[in-house]
Amino acid sequence: MATYKYEGIDKKGKTVRGTVDSASEALASRELLGKGVFVDTIHEVKAGKRSRATNKNQGTKKKFSWKDLREMEITFGAKSTKHVGEIFFQLSLLLRSGLPLVNSMKIVSSNTKSKYYADILIDMAEQVSEGIRFSEAVKSHGDAFPTMYTSLIQSSEKMGNIDVVLHDISIYEEQKRENLDKVTSAMVYPMVVLMVGIGVLWGMIAFVVPNMTSVFENFNAELPTYTKLMLGFSSFMQKYSIVMIVMIVVGFFIFRHYYGNTDGSFRQKLNKRMYDIKFLRNVYISRYTYILAFQLKEGITLTDAMVHANNNQSNIYFRNELEVVRDLVVSGTKFSEALRSRNIFPELLVAASATGEQSGNMSGLLERVSTYYGKQVQKLLGIFVSMAEPLFLVFVGGIIGFMVISIMLPLLNINSVIE
């Protein structure tokens, strides 16, 4: 057991200080939270001296580091909001308990696992304490929080339900991550099978086949055609593997250059092909309608909601079509009519939008559309995985079997000659 000195805020918003005996710092914080004390700082008190405080709120703002980059999980130019859901969930709980916003941000800062977001929360708390609105403080850290959330928070400040909106955002983030985890977990097994198969094939080509080549040459035996093909492929890979790797890397960067040029026609054409694939089209529609419904439910106007929903689309072709739809809506066209005019959106989305306009329940109907296409995505993904697993096994097993037969049959013939 160790003694920990703490400072925090009780349920009434008053600052409290004291000591607590516990097996670890984490357990001490949990015990205090169970007593209604929200810990701000806590550190172990040792005999004769005081250990360095573990408060994340103290010190100057640190510079951006590669560790922060990993915590933000920035990949291929897109920000991941891994910690945002947790932060907003904790903020909503503290605000609902009656704590002031500044104190709530300080407490969440001391509890978050991300040093990057901990520093951001402290800076935001300082801004709010100086009289700046919370939405403006969030907006000042646009690299850490999506612009869509800034609009939602601005709307919540006008309606006085910021705790509700923060909770809804946290639920949205959780569902988004769950959907991503489902896709990732579904693809793990087929990819593992494929990678293991490729590793085995590479090992046989690099180590087994070259040794057998010298054996066949010593016996001067006539080899079957499939064995010659396999030996020739092995020899080619040994001689030109480096060249092939370089070509693949160069090809990747060339593709990335042309694909990254959003003003060019290459990405537009490729994205149009991608949109024509049923599985990907369902993904795009489900994501778009979900983001749109989420914002409409939180009180954002349709045209503003469309801006954020459009910007969250990675497919340039789909995004450009959505921009045309938004321009039509801004000019006075109904949302359903604007969708129908483009001839690329499914009739279910158009019909649901028309019904939503008549009933005044656009967010509810769009949410149902998102759920429907989300289920279609899961169904198609399940079919793909169920087919991919045996196909990968047969493919890899067939190639390995071909290589084994190509080696073993000539060896058996050689043994029969020797006998």
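The values are calculated or read from the model by the stated rules, or taken from the named source; none is laboratory data. Everything numeric here is computed off the predicted structure, so don't read it as measured data. Note that we place each Cβ from the backbone using ideal geometry, even for glycine, and neighbour counts take in every protein chain shown. Side chains included, ligands, DNA and RNA excluded: accessible areas come from the protein's heavy atoms. Shrake-Rupley method; radii C 1.70, N 1.55, O 1.52, S 1.80 Å.
Tabulated data for the structure shown
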quantity	calculated
Rounded to whole Hz, the Karplus (6.51, -1.76, 1.60) HN-Hα couplings of the range 123-135, x for glycine and proline	5, 5, 4, 5, 5, 5, 5, 8, x, 7, 5, 4, 4
Relative contact order for the range 179-334, counting Cα pairs under 8 Å that sit 6 or more residues apart, in percent	15 percent
Cleavage-rule hits (trypsin sites (Lys or Arg not before Pro)) in the range 99-186: DSSP loop, at most 14 neighbouring Cβ within 10 angstrom	K113, R133
Label point distance in nm, Y240-S214, each placed 7 Å from Cα along Cα→Cβ	2.5 nm
Backbone HN-Hα couplings from phi across the range 150-163 [Karplus 6.51/-1.76/1.60, Hz, Gly and Pro as x]	4, 5, 5, 5, 4, 5, 5, 5, 6, 8, x, 10, 5, 5
Solvent-accessible area per residue for the range 141-274 (1.4 angstrom probe, square angstrom)	64 Å²
Cα→Cβ-extended label distance, 7 Å offset, between L348 and E323, nm	2.9 nm
Farthest toward positive dipole pole in the range 250-319 [+1 Lys/Arg, -1 Asp/Glu at C-beta], among N312, I254, V283	I254
Links that overshoot a 27 Å alpha carbon limit, given the list K158/K182; K139/K297; K106/K182; K176/K278; K176/K297; K35/K158	K158/K182; K106/K182; K35/K158
The range 237-360, dipole about Cα centre (Lys/Arg Cβ +1, Asp/Glu Cβ -1), debye to the nearest 20	600 debye
F402/N311 FRET efficiency (R0 45 Å; Cβ-Cβ; nearest 0.05)	0.35
Computed lengthening from M191 to T355, 0.36 nm per intervening residue step minus Cα-Cα distance	54.8 nm
